[in-house]
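The values are calculated or read from the model by the stated rules, or taken from the named source; none is laboratory data. Because the structure is a prediction, the values reported are computed rather than measured. All Cβ positions, glycine included, derive from the backbone under ideal geometry; neighbour counts span all protein chains shown.
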Amino acid sequence: MTVNFDELLDRRNTRSYKWDQSAKMFGSEDILPLWVADMDFPSPPAVQEIVKRRAEIGAYGYAIRTDDYAESIVNWFRRRHNWTIDAAWLGDTPSVVTSLSLCVEQFSEPGGQVVLQSPVYYPFYDVIESNGRQVAKNPLVNHNGRYEMDYDHLESLFKGGAKLMLLCSPHNPGGRVWEKEELLKLGELCLRYGVTVVSDEIHCDLTFPGHTHTPFASLSPEIADLTITTLSVTKTFNLPGLVTSFLVISNKDIKAKLDKRIHTLSLHMASHFAQDAVVAAYNDSEDWLDEMFAYVKNNLDYALNYLQENAPAVKPMKPDGTYLLWIDCRALEKDKDGLKQLMYQQAKVAFNEGSVFGSEGEGWLRINLACPRFILEKALKQFADAVNAAGAV
Ligand SMILES: Cc1ncc(COP(=O)(O)O)c(C=O)c1O
């Protein structure tokens with residue numbers, strides 16, 4: 001493998017969501033973007049190669065999905081996650097957030113309660129509220145700097161009538177890779193109260209040594225029966241701009257209902273580029289993934305040490321996985337506008353401001369670690385200097 005993860009792939013002026021919006025969103029062109037979860041690394045060479053070959057065809061007509069597409073998914077989950085998926089359980093949507101929204105629409109009642117565990121990836125709120133449902137929050141408990149699920153409160157929400165839950169596994173922004181026992185306990189509660197679970201496992205391939213992702217649907221056939229798993233190749237291999245994702249559903253009734261809606265909205269069509277990219281990623285890019293994530297682990301260690309030495313007032317939550325670092329900045333005693341000012345005006349960096357993940361995220365920031373080390377070093381130094389200048393250390 002010859003990828004140099006130290007080199008910055010310059011994406012300015014490429015219609016990049018991350019790099020071409022600093023002036024508009026944060027007030028200045030020269031703000032370093034370490035926010036939205038896409039990586040500043042080139043996508044795997046095998047994917048680049050096939051996308052170029054598809055571009056060279058020169059005619060971009062309707063495309064089909066062939067068997068090798070489903071096989072690449074089935075083989076990946078067997079090989080990397082010890083999870084046996086039947087190809088008949090697969091379905092396609094343009095994005096994971098599309099899937100989450102469709103599930104809310106199809107498996108809860110207007111005005112009904114949908115459970116999430118806050119703080120959480122902000123579109124979880126959007127898909128509940130924009131479908132006219134109510135967010136039923138089960139706030140995560142910060143136990144010694146690590147999030148845990150509050151099962152008692154969760155049970156009270158289920159007792160109160162919530163029949164649908166959006167699970168983020170691994171968890172964004174807290175970086176928890178839920179352990180099998182934790183998920184089993186959740187699964188038992190869902191079985192007892194007849195709750196359907198939409199398990200967003202988009203970060204499943206991004207786990208640090210010592211942590212293993214357990215697919216929620218792999219826990220037992222009964223739990224699989226109440227689970228819709230939403231997945232995508234895009235987070236693992238840095239391909240979100242290809243706009244592709246898939247669902248895994250073994251329950252035939254649930255699958256039929258969703259398939260019907262997906263067809264009604266004509267969301268099922270294949271893209272000219274995405275299927276080949278998925279095959280090249282899952283079949284030919286495993287080394288790239290392992291090297292890339294080892295690089296991210298070194299970035300994580302660097303960030304943890306740097307912040308401890310240079311900005312001890314802020315407390316990072318050590319993640320089990322994901323390339324996101326969630327840092328507790330409450331000791332700085334700044335509200336969300338104060339934190340934005342510190343980031344954008346003093347430090348000239350853009351991390352995610354925590355309150356967008358829910359009120360539990362107020363006073364927190366989320367840093368994207370999937371960038372060349374020199375970018376991370378520069379961003380953390382600028383941030384620590386601004387924290388120090390604000391007199392908080
Ligand atoms: C938990 C989670 N789900 C979904 C997504 C986005 O997926 P998609 O682009 O397929 O909608 C992200 C992106 O960061 C995420 O963190």
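The residues of the stretch 196-217 that are outside any loop (DSSP other than H, G, I, E, B) and within 13 Å of the ligand (Cβ to nearest atom), listed by number, are VAL198, SER199, ASP200. Number of residues in the stretch 126-144 that are under 15 Å from TRP178 (Cβ atoms) and either within 15 Å of the ligand (Cβ to nearest atom) or crowded, with 16+ Cβ neighbours inside 10 Å (or both) equals 2.
Picking from ASP40, ASP10, which residue would you name as being surrounded by 14 or more Cβ atoms within 10 Å (Cβ to Cβ) and charged (D, E, K, R)?
Values: ASP10 fails: surrounded by 14 or more Cβ atoms within 10 Å (Cβ to Cβ).
That would be ASP40, the only listed residue that is surrounded by 14 or more Cβ atoms within 10 Å (Cβ to Cβ) and charged (D, E, K, R).
Being out of contact with any Lys or Arg (no Cβ under 8 Å at 6 or more places or on another chain), within 24 Å of LEU116 (Cβ to Cβ), of a type in the set (S, T, N, Q) and more than 13 Å from the ligand (Cβ to nearest atom) narrows it down to one residue among SER245, SER220; which is it? Before the answer, list the steps.
Working: SER245 fails: more than 13 Å from the ligand (Cβ to nearest atom).
Checking each option against the conditions leaves just SER220.
Residues in the stretch 296-354 that are polar (S, T, N, Q) and touching an Asp or Glu at 6+ places or on another chain (Cβ under 7 Å): 0 in all. For the stretch 61-80, a tally of residues being hydroxyl-bearing (Ser, Thr, Tyr) and at pLDDT below 95 returns 2.
Looking at the stretch 57-74 only, could you name the residues that are in a helix (DSSP H, G or I) and within 22 Å of PHE237 (Cα to Cα)?
Of everything in the stretch 57-74, those that are in a helix (DSSP H, G or I) and within 22 Å of PHE237 (Cα to Cα) turn out to be ASP67, ASP68, TYR69, ALA70, GLU71, SER72, ILE73, VAL74.
Among residues of the stretch 249-266 that are assigned by TED's automatic domain parsing to the domain that holds SER218 and of a type in the set (Ser, Thr, Tyr), those with a beta-carbon under 6 Å from a residue that is surrounded by 15 or more Cβ atoms within 10 Å (Cβ to Cβ) and in a helix (DSSP H, G or I) at least six positions away or on a different chain give the pairs SER250/TRP89; SER250/ALA224. Can you tell which of LEU339, LEU325 is surrounded by 23 or more Cβ atoms within 10 Å (Cβ to Cβ) and assigned by TED's automatic domain parsing to the domain that holds PHE383? Only one candidate passes the filter, namely LEU325.
Looking at LYS18, LYS24, can you tell me which residue is crowded, with 16+ Cβ neighbours inside 10 Å, of a type in the set (D, E, K, R) and out of contact with any helix residue (DSSP H, G or I) (no Cβ under 9 Å at 6 or more places or on another chain)? It is LYS18.
Within the stretch 287-323, restricting attention to residues that are touching a residue at least 12 places away in the same chain (Cβ under 8 Å) and acidic (Asp, Glu), which residue is nearest to the ligand (Cβ to nearest atom)?
The first filter runs over the stretch 287-323 and keeps only residues touching a residue at least 12 places away in the same chain (Cβ under 8 Å), leaving 287-289, 291-293, 295-300, 302-304, 306-307, 310-323.
Imposing the further condition that a residue be acidic (Asp, Glu) reduces the set to 287, 291, 320.
Values: ASP287: 24, GLU291: 21, ASP320: 14 Å.
Step by step, filter the stretch 287-323, then rank; the result is ASP320.
As a summary of the residue check, THR230 satisfies the conditions (1) within 16 Å of the ligand (Cβ to nearest atom); (2) touching a Gly at 6+ places or on another chain (Cβ under 7 Å) except for the one numbered (2).
Restrict the check to the stretch 216-228 and report whether at least one residue is within 15 Å of the chain's Cα centre (by Cα) and on the phi < 0 side of the Ramachandran plot. Working first, answer last.
Filtering the stretch 216-228 for residues within 15 Å of the chain's Cα centre (by Cα) gives none.
Looking for residues that are within 15 Å of the chain's Cα centre (by Cα) and on the phi < 0 side of the Ramachandran plot, one finds none in the stretch 216-228, hence no.
Let me spell it out: the conditions are (1) in contact with a helix residue (DSSP H, G or I) (Cβ under 9 Å, 6 or more places away or on another chain); (2) away from the ligand (no atom under 16 Å from the Cβ); (3) at negative phi, and PRO123 meets all of them except one. Which number is the exception? For PRO123, the failing item is (2).
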